[in-house]
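One structure is given below, encoded as structure tokens.
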Amino acid sequence: MIKVEHLHKSFGKTEVLTDLNTSIEKGEVLTIIGPSGSGKSTFLRCINLLEQPTSGHIYLNGEDITKPNADTLKLRKQVGMVFQHFHLFPHMNVLDNLTYAPMTVKGTAKKEAQSLARDLLFKVGLSEKEDAYPSSLSGGQKQRVAIARALAMEPELMLFDEPTSALDPEMVKEVLDVIKDLAHGGMTLAVVTHEMGFAKEVADRVIFMDQGMIVEESNPKKFFEKPETVRAQSFLDKVL
Amino acid sequence: MNLDFTQIVPYIPFMLEGIWVTLQFVIIAIIFGFILGSIIALVKIGKFPILRFLADAYTSIFRGTPLILQLMLIYYAVPQLTGYDISPFLSAILTFGLNSSAYVSEIIRAGIQAVDKGQKEAAEALGIPYRPMMFKIILPQAMKNILPALMNEFITLTKESALVSVISYLDLMRRAQVVGSDIYRNFEPLMFVGLIYYCLVMILTLIGKYVEKRLRTSD
């Protein structure tokens, strides 16, 4: 579904991503782990062009999304994103947060958008909150709404940028459970995370990044039990 | 103490007429300044470096020189340059509108940029195009930062409007001077229009407070 070839990204003179090559298959759950500043988030943000790659190519279903005249809007309709800090629209209630983009971008009728939104709120366990404003929700609830908001666009691929890093510890599980449900439902996911337990349990494949490069890429069982590289080994020693 | 307010009584209608004269050009200048200021603000956060530079230069010039100089330049220098005999009314609107737009553009720019960057990213990630993102996501949130400062700017403009008396525009201030030289007493007419200015500003302040309160309840 996604193919990444020779992806480079620099901010000014600082190179943050160096020659990334990988792919994401349909229905696959990919987790990206690594130390802070290793370029994980930047890589994820390149996939939906929140960051413009400096060079290299990213293909979505065979279409080069990095060419100059690529249809960014079309890409973003197919790729949903969940942020570390939720970024819900604070001046809209939960239901409007979910329906605004489908109605504006896809021209979905209000009734239809609302019924889809209610289904999604039920799925993330927040049916009773549809009239609430984001400021009245807990962190975990906000993130679940944010996930539902991204799903309301019915994307083919969901990107998660450290979805639990800004949460109180007791709220991490409720958010991870929602993501797990998505994984089991066959959705294609790419998750940047520090939750090693989650990576181990849910991922089909793990990418370990350090200093802007993909250092190791394998299945979670192998990666967590017997990492091939010294750097991955020393990282795991510190976090596990 | 030599005070006699009864002497200004015959002149009261003349001075009260000044309220409308002042308000007339203040309101037009505020609207003109607001529209132009909004456009300049959008240019400042826009994509075109040349336009951005021009907008910054414009703001810098209008904020960096005395208002009375701008007023005199427009009233006295425009006829010299173009031969067009500009009226005090038009000069006043132009000067105050242009000057105010420089301040308003900064207020709006700062208000928009104070909105969390994540809001723009979230909207972009959902594929929401620039216009609806600006008008439905960013600006409604920016309003909370913008409105109080904007009210302040309108209050300042109302008070500074007294400057137009120097180009002999018959506003409130000028009328007080006229009355003063007519009856050889300055304290009473000046006090009288001073009170009127104060009332005008208080009304604006109350409106500002009311608007702020309305905004807060939407939280």
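Coordinate-derived values only; no laboratory data. Since we're looking at a predicted model, the values are computed, not measured. Note that each Cβ is placed from the backbone with ideal geometry, even for glycine, and that neighbours are counted across all protein chains shown.
Here region B:98-118 and region A:89-160 have alpha carbon centers that stand 30 Å from each other. Taking a Cβ cut-off of under 12 Å around A:HIS194, the surrounding Lys, Arg, Asp and Glu residues balance to a net charge of -1, with basic ones at +1 and acidic ones at -1. Residues whose amide H comes within less than 5 Å of that of A:MET213, counting only those at least five positions distant or on another chain, are A:THR18 (H built at 1.01 Å from N in the peptide plane).
Neighbour counting of Cβ atoms within 10 Å sorts the residues B:SER87, A:SER36, B:SER161, B:SER105, fewest neighbours leading, into A:SER36, B:SER87, B:SER161, B:SER105. For A:MET81, the residues whose modelled amide H falls within less than 5 Å of its own, excluding neighbours fewer than 5 places apart on the same chain, are A:LEU159. Sorting A:PHE83, A:PHE43 from the fewest to the most surrounding beta carbons within 10 angstrom yields A:PHE83, A:PHE43. Which lysines does A:LYS238 reach when only Cα atoms under 24 Å apart count, and residues fewer than 8 places away in its own chain are ignored? Counting by Cα, and skipping residues close in sequence, A:LYS238 has these lysines nearby: A:LYS40, A:LYS173, A:LYS200, A:LYS221, A:LYS222, A:LYS226. Relative to its Kirkwood radius, the Cα radius of gyration of chain A gives an Rg/Rh of 0.97.
Our note on the geometry: Cα centres of region B:74-91 and region A:180-240, 73 Å apart.
Positive end of the dipole of the protein assembly as shown (Cβ unit charges, origin at the Cα centre): among B:PRO49, A:LEU189, B:TYR84, the Cα lying farthest that way belongs to B:TYR84. Note on B:127-137: average number of Cβ atoms from other chains within 10 Å of each residue's Cβ is 4.
In whole angstrom, chain B maps to an equivalent ellipsoid with semi-axes of 40, 23, 11, each derived as √(5λ) from the alpha carbon gyration tensor and ordered largest first.
Distant-in-sequence amide contacts of A:GLY56, defined by a placed amide H-H separation under 5 Å and a gap of 5 or more residues or a different chain, comprise A:HIS8.
Taking the square roots of 5 times each eigenvalue of the Cα gyration tensor of the protein assembly as shown, largest first, gives ellipsoid semi-axes of 61, 25, 18 Å. Only helical runs count toward this figure. For the protein assembly as shown, summing -39,500 (n - 2.57) over DSSP H runs of n ≥ 4 and dividing by all residues gives -17500 deg cm²/dmol at 222 nm. Mean per-residue shielding of peptide A:82-91 is 5, counting Cβ atoms of other chains within 10 Å of each Cβ.
Name the residue from B:LEU69, B:ILE93, B:MET151 whose Cα lies farthest towards the positive end of the charge dipole of chain B, charges +1 on Cβ of Lys and Arg and -1 on Cβ of Asp and Glu. Of B:LEU69, B:ILE93, B:MET151, it is B:MET151. Rounded to the nearest 10 degrees, the angle from helix B:139-160 to the longest Cα principal axis of chain B is 20 degrees. Across chain B, Cα pairs under 8 Å and at least six residues apart give a relative contact order of 28 percent.
Between helix B:187-217 and chain B there is an angle of about 20 degrees, using the helix long axis and the longest principal axis of the Cα atoms.
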